[in-house]
Amino acid sequence: MAPRRKACRAAQAEASRFRHTGHQFFTIFTSIASMMTLALALATYLAFNILVFITYWWDKQAARNGGWRVRESTLLWLAFLGGSVGAVLAQRLLRHKTHKEPFRSYLLAIIVLQIGLILSLLTAANWKN
């Protein structure tokens with residue numbers, strides 16, 4: 001009977017080790033998935049801001065050459081939807097829309113709104129009941 005107990009205990013130990021390995025796999029898998037999601041979100045954010053910068057550049061070229069212009073409301077919507085970094089960089093580097101007062105005020109308001117939203121989300125994530 002003793003050999004059966006040994007075999008039973010060995011089988012239980014093996015099953016326990018398998019469960020532990022499965023748990024580790026799940027933990028590693030979710031960590032990798034989280035990192036990939038974060039990387040994808042960052043890549044999308046950067047790509048969108050590059051698109052906004054190019055749109056500002058295109059509008060600047062159209063202003064110089066007398067071509068078709070991008071509406072100010074479109075430029076502001078692009079900044080509002082997450083392209084404020086690209087909008088500010090284009091405004092500074094290309095010197096585009098720097099003296100147009102309503103546009104500057106609206107862009108500043110969008111940036112303040114986005115910073116406030118980010119700060120409130122970071123605060124809410126650490127909020128304790």
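In the condition set (1) in a helix (DSSP H, G or I); (2) at pLDDT below 95; (3) surrounded by 12 or more Cβ atoms within 10 Å (Cβ to Cβ), residue 69 is compliant with all but (1). If the condition is being in a helix (DSSP H, G or I) and in contact with a Lys or Arg (Cβ under 7 Å, 6 or more places away or on another chain), then the stretch 76-103 contributes 91, 103. Note on the stretch 89-123: residues that are more than 21 Å from the chain's Cα centre (by Cα) and surrounded by fewer than 15 Cβ atoms within 10 Å (Cβ to Cβ) amount to 10. Of all the numbered requirements in (1) assigned to a helix (DSSP H, G or I); (2) exposed (fewer than 12 other Cβ atoms within 10 Å of the Cβ), residue 61 misses one, and that requirement is (2). The residues of the stretch 97-113 that are closer than 23 Å to residue 70 by Cα and not β-branched (Val, Ile, Thr), listed by number, are 97, 99, 100, 101, 102, 103, 104, 105, 106, 107, 108, 109. Cβ-Cβ distances below 7 Å connect the following pairs, each with a first residue in the stretch 65-85 that is more than 23 Å from residue 45 (Cβ to Cβ), a second residue that is open to solvent by 20 Å² or more (accessible area, probe 1.4 Å), and a separation of six or more residues or different chains: 69/63. Please determine whether any residue of the stretch 24-33 is in contact with a helix residue (DSSP H, G or I) (Cβ under 9 Å, 6 or more places away or on another chain) and of a type outside the set (D, E, K, R). No, the stretch 24-33 contains no residue that is in contact with a helix residue (DSSP H, G or I) (Cβ under 9 Å, 6 or more places away or on another chain) and of a type outside the set (D, E, K, R).
The values are calculated or read from the model by the stated rules, or taken from the named source; none is laboratory data. For clarity, every value in this text was computed on a predicted model and none was experimentally measured. For neighbour counting, all protein chains shown are included, and Cβ atoms are generated from backbone atoms with ideal geometry for every residue, glycine included. The accessibility values were calculated without ligands, DNA or RNA, using every heavy atom of the protein model including side chains. Shrake-Rupley method; radii C 1.70, N 1.55, O 1.52, S 1.80 Å.
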